[in-house]
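Q: Pasting in a structure now, in structure tokens, and then I'll have a few things to ask.
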Amino acid sequence: MIELLWLLPVPLIAAWWITRRRRRPPERRQRDYPPELLQGLRYLFDDEIDSAVGVFSELLERYPGSAEIYFLLGREFRRLGQIERAISAHQNLIARPDLDAVERERGLLELARDFQGIGWLDRAERLYRELEDSERFGETALKHLLELHESGKDWNRAIATGRQLERRTGESAGPRIAHYYCELAEAARARGETGEALGLAGRALGTDRGSVRASLLRGRLFMAEGRSSAALKAFRRVERQDAAFMPEIVEPVIACHRQLGQPEGAIRELDHWAEDYPLPSVVAARARLLAERGDADTALVVLEEHLGGRPSADLARTLVEIAPEHCIGPPLRERLAGMLGELAGRDNRYVCRQCGFETHQLYWRCPGCRSWSSIKPGG
Ligand SMILES: [Zn+2]
């Protein structure tokens, strides 16, 4: 163990020793200050590693109860990516007979984190489980365990551990657990088990009434089953849950009305939304529907009005697409629509409200900061 000491940065060694001294009664401080410490630091500064190791080995033998140096060593090794050395440091610590119960638990927690870091997940899980009832470290152990289940996509166990964490902390983990149910539902959907997927998406909604992901998933599953009215109901729930996601439901809602043979219903619905949420995607979709039923003049007026207020490639492209032929001829129309379509694609982005990560794909967990539900449409 002690031969690993030379890898620890010098300031860390000094900080440890000073902290250690300050915890002792004042009358003992003078007596405890070992002159060998300075000699050891001098060796380290001079890169005389063997001599430094010799001095620090002696110091650690003379001053038992120095668990902190092991924690510092372990943390530093882990930071440097030298996980096996971190494991060695923590195992040496736990093996010490003079260790008190709290330090032992802390050592087990650090060792579990090492195991998790190196991918020995079974061993990590066993240690986290050993600590789950610990007064001091139980909550932290459960949080790490939850991350471990998430990284292994073990959603059933993540649900169980999430519930356990809720009981332990008294705080709701509903939104996070709802994502786990949605993950299971999406897996069932990929297997073609639509009924199973619907049941799981329903449980997600039961766990978190505000789950936009569950509503979108239920809507798509109902549509796949040809249940357009149920799908409409599911999509409409998004408006109440989080209006920032309105662009996600525009096209699905229009598709539901088409499935029901009621295109006028889509126009009425978008009329209402355009008043409350004058988003480019809502206005553009409404204009296309108006043009589709032969009311291109009204559609153009609507687009011009909104383009004046808020420039948008999506709105401009829609205007180009539905403008009469004597205004824009077919070759120019095609070129402009292509250019504006590309610009609209750049506009339609998702942004993480936690870390600012930008993407053109909706992720329910941010790839940047790993937060759940933090990515939303637009900026
Ligand atoms: Zn983020």
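The values are calculated or read from the model by the stated rules, or taken from the named source; none is laboratory data. Since the structure is predicted, the reported quantities are computational estimates derived from the model, not experimental observations. As a convention, Cβ positions derive from the backbone with ideal geometry for all residues, glycine included, and neighbour counts pool all protein chains shown.
Q: Does residue 293 count as basic (Lys, Arg) and either more than 16 Å from the ligand (Cβ to nearest atom) or over 28 Å from residue 185 (Cβ atoms) (or both)?
A: The answer is yes for residue 293.
Q: Identify, please: which residue in the stretch 359-369 is surrounded by 12 or more Cβ atoms within 10 Å (Cβ to Cβ) and out of contact with any helix residue (DSSP H, G or I) (no Cβ under 8 Å at 6 or more places or on another chain) and is, among those, nearest to residue 248 (Cα to Cα)?
A: Taking the candidates together, the pick is 363.
Q: Then there's this: Considering each residue of the stretch 324-353, count those that are near the ligand (Cβ under 9 Å from one of its atoms) and either part of a helix (DSSP H, G or I) or surrounded by fewer than 14 Cβ atoms within 10 Å (Cβ to Cβ) (or both), and give that number.
A: Residues in the stretch 324-353 being near the ligand (Cβ under 9 Å from one of its atoms) and either part of a helix (DSSP H, G or I) or surrounded by fewer than 14 Cβ atoms within 10 Å (Cβ to Cβ) (or both): 0 in total.
Q: Still on this structure, I have one more. Given the residues 200, 184, which is the only one that is within 19 Å of the chain's Cα centre (by Cα) and either of a type in the set (Ser, Thr, Tyr) or part of a helix (DSSP H, G or I) (or both)?
A: Just a single option satisfies the conditions, and that option is 184.
Q: For residue 268, indicate whether it is surrounded by 17 or more Cβ atoms within 10 Å (Cβ to Cβ) and of a type in the set (Lys, Arg).
A: no
Q: Sticking with this one: If residue 376 satisfies every condition in (1) in the same structural domain as residue 277 (by TED's automatic domain parsing); (2) in contact with a helix residue (DSSP H, G or I) (Cβ under 6 Å, 6 or more places away or on another chain); (3) not aliphatic (A, V, I, L, M) but one, which is the exception?
A: So residue 376 meets the others, but not (1).
Q: So, one more: Got at least one residue in the stretch 49-56 being aliphatic (A, V, I, L, M) and modelled with pLDDT of 65 or more?
A: no
Q: Still on this structure, please answer the following. Consider the stretch 358-379. How many of its residues are out of contact with any Lys or Arg (no Cβ under 7 Å at 6 or more places or on another chain) and not in a loop (DSSP other than H, G, I, E, B)?
A: Final tally of qualifying residues: 3.
Q: Sticking with this one: Restricting to the stretch 354-371, what's the tally of residues that are more than 10 Å from the ligand (Cβ to nearest atom) and either over 23 Å from residue 313 (Cβ atoms) or basic (Lys, Arg) (or both)?
A: 1
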